[in-house]
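The values are calculated or read from the model by the stated rules, or taken from the named source; none is laboratory data. Keep in mind that this is a model prediction, so the values were computed, not measured. Just so you know, the surface numbers come from the protein's heavy atoms only, side chains and all, with ligands and any DNA or RNA stripped out. Shrake-Rupley method; radii C 1.70, N 1.55, O 1.52, S 1.80 Å.
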Amino acid sequence: MMTITVEIPDVLAGLLSAEGRDPARAVLEAMALEGYRADWLTEADLKELLGFETRMEVHGFLKDHGAFMHYTAEDLDRDSAVAFDVARRHRGQDIAG
């Protein structure tokens, strides 16, 4: 793991630590958000970088910070295919049952 030291003015550190926030964590989260928004980091990268246990925590973090999750046309196609398959199976059970 790499350690990076960032020097910031005391006034800024005071703003970052407002309400008991850890300034180092605030800077890490800001970097993670920018990396995700710029498409440099993935959800998996955020999960590891920020120490989250689940993808749902990553999704909550992105939502809390107004960052839109990446969702491609391929994601939509895959989700649609799964939904249609589930619906088809459910209709088959209704007919058989």
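What about Glu53, is it modelled with pLDDT under 90, open to solvent by 50 Å² or more (accessible area, probe 1.4 Å) and acidic (Asp, Glu)?
Working: modelled with pLDDT under 90: no; open to solvent by 50 Å² or more (accessible area, probe 1.4 Å): yes; acidic (Asp, Glu): yes.
It is false that Glu53 is modelled with pLDDT under 90, open to solvent by 50 Å² or more (accessible area, probe 1.4 Å) and acidic (Asp, Glu).
Got a sec? Which of Asp77, Asp85, Asp39 is among the acidic types (Asp, Glu) and within 20 Å of the chain's Cα centre (by Cα)? Give the derivation first.
Working: Asp77 fails: within 20 Å of the chain's Cα centre (by Cα); Asp85 fails: within 20 Å of the chain's Cα centre (by Cα).
Just a single option satisfies the conditions, and that option is Asp39.
For the range 62-74, indicate whether the set of residues that are aliphatic (A, V, I, L, M), closer than 30 Å to Leu28 by Cα, assigned to a helix (DSSP H, G or I) and open to solvent by 100 Å² or more (accessible area, probe 1.4 Å) is non-empty.
Looking through the range 62-74, none of the residues is aliphatic (A, V, I, L, M), closer than 30 Å to Leu28 by Cα, assigned to a helix (DSSP H, G or I) and open to solvent by 100 Å² or more (accessible area, probe 1.4 Å).
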